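Peer 1: Just passing along the structure, written as structure tokens.
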Amino acid sequence: MAVFAKDISLKTKGNNEIYDITSQVQESLKDLGIKDGILTAFVPGSTAGITTIEYEPGAVSDLKDVFERLMPRDMHYEHNKRWGDGNGFSHVRAAFCKASLTVPFIDRKLTLGTWQQIVLVDFDNRPRDRRIILQIIGE
């Protein structure tokens, strides 16, 4: 059993932008000396999330629309009243989406479905420098 950690860095635009990080995550499995195991992707912070989706314009647009309908930007958020930064909606959306995702891999290949990609969703109301921590466990 071996454990490895790697990072992915992204400059994001915020405002519900969705980034396909599948290739970077898959690439992280190269040259580790392990064949099978699990990979967890985690985004530190409380205004971004990681999930899977078919990364095509229609599904991406639908996901953005659902977040806006369920947790509207212009709704009252106590967080905004307390801190005045106007990003209460982004904290709620990130809590709903979650900060991590675990994917098994076999023979150094993520076991994603044919149309399934790993995405980072940046909910904040401003651009950010995002770090995604990958922890890889296997043998």
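The values are calculated or read from the model by the stated rules, or taken from the named source; none is laboratory data. All values reported here derive from a predicted model rather than from experimental measurement. In this analysis, Cβ positions are derived from the backbone assuming ideal geometry, glycine residues included, and neighbour counts consider all displayed protein chains.
Peer 1: Please verify whether Thr40 is under 19 Å from Asp7 (Cβ atoms), at pLDDT 95 or above and of a type in the set (Val, Ile, Thr), treating the condition exactly as stated.
Peer 2: So Thr40 passes the test.
Peer 1: Filter the stretch 51-67 for residues that are surrounded by fewer than 18 Cβ atoms within 10 Å (Cβ to Cβ) and either touching a Phe, Trp or Tyr at 6+ places or on another chain (Cβ under 9 Å) or farther than 11 Å from Lys98 by Cα (or both) and give the result.
Peer 2: Selection gives Thr52, Ile53, Glu54, Glu56, Pro57, Gly58, Ala59, Ser61, Asp62, Lys64, Asp65, Val66.
Peer 1: Is it the case, given these coordinates, that Ser100 is of a type in the set (Ser, Thr, Tyr), under 22 Å from Phe42 (Cβ atoms) and surrounded by 16 or more Cβ atoms within 10 Å (Cβ to Cβ)? Before you say what the answer is, go through the steps one by one.
Peer 2: Values: of a type in the set (Ser, Thr, Tyr): yes; under 22 Å from Phe42 (Cβ atoms): yes; surrounded by 16 or more Cβ atoms within 10 Å (Cβ to Cβ): no.
No, not satisfied.
Peer 1: Related question: Return yes when Ile38 is hydrophobic (A, V, I, L, M, F, W, C), in contact with a Pro (Cβ under 6 Å, 6 or more places away or on another chain) and either over 15 Å from Val119 (Cα atoms) or not in a strand (DSSP E or B) (or both) and no when it is not.
Peer 2: yes
Peer 1: Then there is this: So, in the stretch 31-50, how many residues would count as being exposed (fewer than 15 other Cβ atoms within 10 Å of the Cβ), under 19 Å from Ile8 (Cα atoms) and touching a Lys or Arg at 6+ places or on another chain (Cβ under 7 Å)?
Peer 2: Number of matching residues: 1.
Peer 1: Here's another thing I want to ask about it. Is it true that Arg93 is within 17 Å of the chain's Cα centre (by Cα) and either assigned to a loop (DSSP other than H, G, I, E, B) or not acidic (Asp, Glu) (or both)?
Peer 2: yes
Peer 1: Can you tell me which of Lys81, Lys30, Lys13 is out of contact with any His (no Cβ under 7 Å at 6 or more places or on another chain) and under 24 Å from Lys109 (Cβ atoms)?
Peer 2: Checking each option against the conditions leaves just Lys30.
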